[in-house]
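Quick notes on the structure that follows.
Every number in this text was worked out from the coordinates using simple rules, so none of it is lab data. Worth saying up front: this structure is predicted, and the values here are computed from it rather than measured. Cβ placement follows ideal geometry from the backbone for every residue including glycine, while neighbour counts extend to all protein chains displayed.
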Amino acid sequence: MKNKCQLCKEMFDDSETYEYRGFMFCQPHFSEGIKRVDEKRSFVMETTEKSIKSQRTGEFINNRKKYHLRNVLADGLPIIKSKEPQVLQDYEKGIF
């Protein structure tokens, strides 16, 4: 079976590629790939956290009267289903 390196986009046999957190890299690009995936993962986590917090804050400010004690967390913000940011969706699909 052949795998495509995420950095150079060339096809390699299974024995010539390495996987890190769902991303495939050839041997020459593996260490650079680890660094880039870790940076991207950190960015995705920060962005997602900020997005969820801002959505909860905005939801509370705009709909303050509809929330009671049973549907808010300890920080006073509502429990809502947050929309996932695009950067998280891309990361989960394996897009750099």
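Annotations
- Considering only MET11, ILE79, PHE43, the residue lying farthest towards the positive end of the dipole of the chain is ILE79, judged by Cα position with unit charges set on Cβ.
- Taken over the C-alpha atoms, region 2-93 has Rg and Dmax values of 19.7, 60 angstrom.
- The charge dipole of the chain, taken about its Cα centre with unit charges on the Cβ of Lys, Arg, Asp and Glu (plus for the first two, minus for the last two), comes to roughly 860 debye.
- Potential extension, MET11-GLU46 segment - 0.36 nm per residue separation minus Cα distance: 9.4 nm
- Contact order for region 2-93, expressed relative to its length and based on alpha carbon pairs under 8 Å spaced 6+ residues apart, stands at 21 percent.
- LYS35/GLN86 FRET efficiency (R0 35 Å; Cβ-Cβ; nearest 0.05): 0.95
- Ellipticity estimate at 222 nm from DSSP helix runs (n ≥ 4, -39,500 (n - 2.57)) divided over the chain, nearest 500: -15000 deg cm²/dmol
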